[in-house]
Ligand code: CTP
Ligand code: MG
């Protein structure tokens, strides 16, 4: 695979992990997952992590994986790249893992004295990707290792922050997000 093919496979394979966060921004809100609980004087997770965001984001990622799986042969043929489909275990790993990685990031932000919405460069851009890859590796190890070869993984690490910053700036402009990160 050349660099363009590697980038296409990286973005395609991570789409079920990228979309949950954006859906959570649009559909989230309501009861916080931590129920208002605190730990060491700070909120456990904060008001930015809600049950509705978690459920809606995960379901959206699963649905997208289903759709992408059905489209993989057609889109792959059109682009001339072999695009992977998403077995259920892989889809759950990517979608739920992304939301859990984002939650783990907030847990860490609160423990280090950062208020809800405070920026934490690198963590904000990669926590969900790390969560997605880890849970996919646990639930669908063979698929994950075959899909995320070292080159694809490198592309994910480079492209994810760029895509994350780009979509969040757009979300901020559209008035969907409180901060542009
Ligand atoms: N969101 C949600 N539920 C989630 C994740 C996100 O409702 N599980 C929504 C919240 O409205 C949140 C917004 O998406 O404010 C943006 O998400 P994010 O940037 O991850 O949260 P922040 O508010 O910045 O909080 P944190 O500092 O904890 O990241
Ligand atoms: Mg944030």
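Modelled spin labels at residue 112 and residue 154, positioned 7 Å past Cα toward Cβ, are 2.7 nm from each other.
What share of all Cα pairs of segment 3-173, in percent, falls into each consecutive 10 Å distance bin? In whole percents, the pair-distance histogram is 11, 38, 35, 14, 3, 0. Once a ≥ b ≥ c are taken as the square roots of the eigenvalues of the Cα gyration tensor of segment 109-181, is the result rounded (a/c under 1.5), prolate (a/b larger than b/c) or oblate (a/b not larger than b/c)? Cα axes put segment 109-181 in the prolate bin.
Is the shape of segment 31-96 best called rounded, prolate or oblate, per the rule: a/c under 1.5 gives rounded, else a/b larger than b/c gives prolate, else oblate, with a ≥ b ≥ c the square roots of the Cα gyration tensor eigenvalues? Here segment 31-96 falls in the prolate category.
Given Cα pairs under 8 Å that are at least 6 residues apart, what percent is the relative contact order of segment 29-181?
20
Per DSSP H run of n ≥ 4, the term is -39500 (n - 2.57); total these for the chain, divide by its residue number, and report the mean residue ellipticity at 222 nm rounded to 500 deg cm²/dmol.
Computed ellipticity for the chain at 222 nm equals -24000 deg cm²/dmol.
Every read-out reported here was derived from the displayed coordinates using simple, explicitly stated rules and does not represent laboratory data. Only a predicted model underlies this, so the values are computations on that prediction, with no experimental measurement involved. Reconstructed Cβ throughout: ideal geometry from the backbone, glycine too, with neighbour counts over all protein chains shown.
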